[in-house]
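Take a look at the structure set out below.
Since every read-out is calculated from the coordinates, none of them should be taken as a lab result. Remember, predicted model here, so these are calculated numbers, not experimental data. When we count neighbours, we look across all protein chains shown, and the Cβ atoms used for this are built from the backbone with ideal geometry, even at glycine.
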Amino acid sequence: MTAVRITLAQHQFRKPRPFFDRSGLFLAFGISGEDYSREERMRRRFEEETFTHHVTVSLAPPLEPGDYHLEGVPDEVSQRPWIVSRKGTATTTLSDDGWVAFQAWLDGGLRVVNSSPQTNPASPPGSRG
């Protein structure tokens, strides 16, 4: 684990896009079959509708690029992976509750967290949908 300090936090609210499911259109034209990617689409839709707050933080010292787990932040925030870019900034998406908890944590002045590389064999690094 590496101790890092969050020096700057930026926030952007992403409005969810309308969801259009084409399966009904295909059925109307008589094209049927098994929908193999439905579960992946539903998972991606859930994430787009739930985690609408895009948060980018600057870390000191900068970390190597990859997926990280930050400890020392509120539970709602630490559950999501933080993706560190080559610039040394970490990015994640948060729910409404997660964003409120993260703001309160930042306002509290505690900005030192422990970072550890996230090892999740189920998803490749940098993939969040």
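Would you order Asp96, Asp75 from fewest to most other beta-carbon atoms within 10 Å of each residue's own beta-carbon?
Listed from fewest to most nearby Cβ atoms, that is Asp75, Asp96.
If neighbour count is taken as other Cβ atoms inside 10 Å, put Arg14, Arg80 in order from fewest to most.
If I rank by nearby Cβ atoms, fewest first, I get Arg14, Arg80.
Order by neighbour count: Phe20, Phe26, fewest other Cβ atoms within 10 Å first, most last.
Phe20, Phe26
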